[in-house]
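One structure below.
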Amino acid sequence: MGVNGFIGPFFWESDPRFPRERGINARWYEAMLIDQAIPALRDWQNFNQLVFQQDGAPAHYALCIRQLLNREFPGRWMGRGSARHPAPVAWPPRSPDLTPLDFWVWGHLKQQIFTQDFRPRTIDELKDAIRRAVAELNEDEEVRVRVFEEFRRRLDECVRRGGQSVERR
């Protein structure tokens, strides 16, 4: 998500070649970034200025992911790093509600999808409902601007607190 809009949504699908995988891992995340997310972001006019932000989830922390981000977003990504391989912008610890996806989008999508008269009953219906809700957000620049104004306030508060926990309500 950016002020420009959304890319995706991208859905995790099990891969029969890897029958023991149970969710998003570094292998899946890397393939999604290379095959879907980064090509979509390259279509944005501000690609060479945008900062790619991710949190400290295990799939995000994998060395192959950090190396990919260093190649694609040199000096322009935020996440969890290590002493040997630091992130250009370190993810502030204990700040789970810092990203627009976490502090607003997921809750908004749930409200849009699960408060309808027609509730999704299958995975395909749920995916379609998510796609429709994201498409509506892509059409509403005013909402995205307001969300990113709040994002900026959260970043400023995080800096003011020296990187400590940010929880605004």
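The values are calculated or read from the model by the stated rules, or taken from the named source; none is laboratory data. Since this is a predicted model, take the numbers as computed values, not measurements. Cβ coordinates were reconstructed from backbone atoms using ideal geometry, including for glycine residues, and neighbour counts include every protein chain displayed.
Cβ separations smaller than 9 Å between residues 6+ apart or across chains give the following pairs from region 22-33 residues that are of a type in the set (G, A, S) to residues that are not in a helix (DSSP H, G or I): G23/W12; A26/A62. Listed here are the helices (runs of 4 or more DSSP H) enclosed by region 22-110 that have at least 2 residues being outside the structural domain of E157 (by TED's automatic domain parsing) and basic (K, R): 63-72. Residues in region 45-70 that are of a type in the set (V, I, T) and crowded, with 17+ Cβ neighbours inside 10 Å: I65 only.
Taking region 29-44 as the range and being surrounded by 15 or more Cβ atoms within 10 Å (Cβ to Cβ), within 11 Å of F10 (Cα to Cα) and not aliphatic (A, V, I, L, M) as the test, only Y29 passes. As for region 80-89, it holds no residue that is within 18 Å of the chain's Cα centre (by Cα), among the charged types (D, E, K, R) and closer than 25 Å to D43 by Cα. What do you reckon, is L137 aliphatic (A, V, I, L, M), farther than 13 Å from F6 by Cα, part of a helix (DSSP H, G or I) and not assigned by TED's automatic domain parsing to the domain that holds G5? No; evaluated as a whole, the condition is false for this residue. Consider region 38-64 and keep the residues that are within 20 Å of F103 (Cα to Cα) and of a type in the set (G, A, S). The one that is modelled with the highest pLDDT is A57. Residue-level check: of (1) closer than 21 Å to F47 by Cα; (2) touching a residue at least 24 places away in the same chain (Cβ under 8 Å), R66 misses just (2). For region 26-44, the candidate set comprises residues that are of a type in the set (D, E, K, R) and more than 26 Å from A133 (Cβ to Cβ); within that set, the residue that is farthest from the chain's Cα centre (by Cα) is R27. Only a single item in (1) out of contact with any Leu (no Cβ under 9 Å at 6 or more places or on another chain); (2) under 20 Å from E30 (Cα atoms) is not met by R131, and it is number (2).
Please determine whether any residue of region 8-25 is surrounded by 16 or more Cβ atoms within 10 Å (Cβ to Cβ) and either over 15 Å from the mean Cα position of the chain (by Cα) or on the phi > 0 side of the Ramachandran plot (or both). The answer is no; no qualifying residue exists. When E142 is tested against (1) in the same structural domain as F11 (by TED's automatic domain parsing); (2) within 29 Å of R42 (Cβ to Cβ), exactly one condition is not met: (1). Scanning region 1-40 for residues that are closer than 20 Å to W104 by Cβ and in contact with a Phe, Trp or Tyr (Cβ under 6 Å, 6 or more places away or on another chain) yields V3, N4.
In the set P92, P88, only one residue is surrounded by 12 or more Cβ atoms within 10 Å (Cβ to Cβ) and touching a residue at least 60 places away in the same chain (Cβ under 8 Å); that residue is P92.
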